[in-house]
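The values are calculated or read from the model by the stated rules, or taken from the named source; none is laboratory data. Predicted model, so just to flag it, every value in this text is computed and none were measured. For neighbour counting, all protein chains shown are included, and Cβ atoms are generated from backbone atoms with ideal geometry for every residue, glycine included.
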Amino acid sequence: MYVVQAFIEKILRKHNIDTAKDFYLKLSLPPHPDLVMLKSDDIVLVGNDDISFILEFNQGQWFAKGYTYKGEDVIVSYHENGIRKVNPYTIQRFWILQKRFTRSIREQGWFENGVVVQNAIVDEIKLIGKNEPNPMKDISEYANPNEI
């Protein structure tokens, strides 16, 4: 089990989120960037404005698929003919970054002090390629549905 999985699952359980089901949780802890945790089908996303991890959910375990760090998208693993293939260099870098990220959010006090900004059920995730147009709009331009 990845260190990031263990710590994020601890945060999710604190907020009564079943990690086996699809979820979306966004926490705030100023002055740090918001922490976002999301699962849809077999994809788990965890991160903030600085770094994000893309993981594959399989029978309760999270497996590295890739990460985005300093604006660079890095593929860690992929499936070819039903076999999961892992890039040895990028998986090592993934291990280092996820340990550093987890240590950082633990030391910043996200478990104890992170405030829920948004908690929702997820219908679908669409991963958008780097050069593809983004069909999504910034949700901040829409009214809060809870206020209507």
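Overview of values
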quantity	calculated
Members of region 50-64 found to be within 16 Å of Arg100 (Cβ to Cβ) and either surrounded by fewer than 11 Cβ atoms within 10 Å (Cβ to Cβ) or without any contact (Cβ under 8 Å) to a residue 40 or more places away in the chain (or both), listed by number	Asp50, Ser52
Failed criterion for Thr102 (all others in (1) modelled with pLDDT of 85 or more; (2) loosely packed, with under 13 Cβ neighbours inside 10 Å hold)	(2)
Some residue of region 11-26 being within 25 Å of Arg93 (Cα to Cα) and part of a helix (DSSP H, G or I)	yes
Complete set of residues in region 65-85 that are under 20 Å from Arg100 (Cα atoms) and modelled with pLDDT under 90	Lys70, Gly71
Count of residues meeting criterion [touching a residue at least 12 places away in the same chain (Cβ under 8 Å) and part of a strand (DSSP E or B)] in region 68-83	7
Failed item in (1) surrounded by 14 or more Cβ atoms within 10 Å (Cβ to Cβ); (2) part of a helix (DSSP H, G or I); (3) among the aliphatic types (A, V, I, L, M), with Ile96 passing the rest	(1)
